[in-house]
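Values quoted throughout were computed directly from the atomic coordinates according to the rules given, and no laboratory measurement underlies them. The model shown is predicted, which means the values in this text are computed figures rather than measured ones. We place every Cβ from the backbone using ideal geometry, glycine too, and count neighbours over all the protein chains shown.
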Ligand code: NAD
């Protein structure tokens, strides 16, 4: 499938799912704008590795909690590439705490990064997509966009909100060759999740395998983590012409979690 000549921005693509999706879009031929935090040397290595495949790859460090820097990034990318065809709203953070103790500043930050950034990216890019008659917006929601878990009030609220935003944008752009969909992954073994396993094993006095099976994958019937490659392949498909009629959808990729 060729996305050759298309330009994609993937927010939060210096790690985990965003990086996996960026790699898949590049493998399909798209130019890529990487975004996210991290070690400057490591990010430059990723950029060069992606660019060595023959596409153009740039990095923009815009903080997705800040509307002004988001707008500046969109303008810079449009000036450099001429168009933004694919937007993957993936940047996200998490805080786990009971509602009565939930830090107010973390609520505000999670809503800003996990939800409002997708609003800003959408409002700033749809006009160009509509004018050109082609566009793809892919929002990384979560199984937590469809069901809740305790102690994740801000995250669950933001991810449920992401599905409402997805449907609304989809309806507004439906006649212009632009689609907007949400991917709802179950657990993915990103560096963030992997780092928690040894500590959880120690805290609960169980093996790391038991942490994966009985703690993390307790809600996931397949007992397998979702992979970044699987999510990347779905994102590439959603960008194809074959997916032109898929819009406003919330697509679970969760090993059966939300079938419960
Ligand atoms: P991750 O921590 O590996 O990656 C998050 C990315 O977001 C990083 O590149 C980070 O630098 C970036 N980021 C964080 N704050 C930012 C900010 N203010 N501005 C710009 N970039 C910022 O996490 P991940 O597991 O790959 O998660 C990616 C997305 O997928 C998130 O939206 C997350 O909610 C969602 N998700 C993850 C899982 C999972 O199990 N890992 C499951 C469902 C949904």
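Worth a mention:
- Rounded to 10°, Cα long-axis angle of helix 153-173 versus longest principal axis of the chain: 30 degrees
- Hull volume per residue, based on the alpha-carbon atoms of the stretch 208-253 and their convex hull, is 82 Å³.
- Alpha-carbon Debye profile of the stretch 4-54, log10 I(q)/I(0) at 0.17, 0.24, 0.29 Å⁻¹: -0.42, -0.85, -1.19
- For 66, 152, 75, order by how many other beta-carbon atoms lie within 10 Å, fewest first: 75, 66, 152
- Protection proxy ranking, peptides 68-74, 15-21, 240-246, 29-35, average beta carbon neighbours within 10 Å, highest first: 29-35, 15-21, 68-74, 240-246
- Percent of Cα pairs exceeding the 35 Å cut-off, where the set is the chain: 13 percent
- With the convex hull constructed from alpha-carbon coordinates only, the stretch 181-229 shows a mean projected area of 3.9 nm² over all directions.
- Normalised by the number of residues in the chain, the mean separation of alpha-carbon contacts (under 8 Å, six or more apart) gives a relative contact order of 20 percent.
- Seen against the Cα atoms of the chain and their longest principal axis, helix 117-132 is set at about 30 degrees.
- Degrees separating the helix 40-51 axis from the principal Cα axis of the chain, which is the longest one: 50 degrees
- Think of it as helices only: each DSSP H run of n ≥ 4 in the chain is worth -39500 (n - 2.57), and spread over all residues that comes to -13500 deg cm²/dmol at 222 nm.
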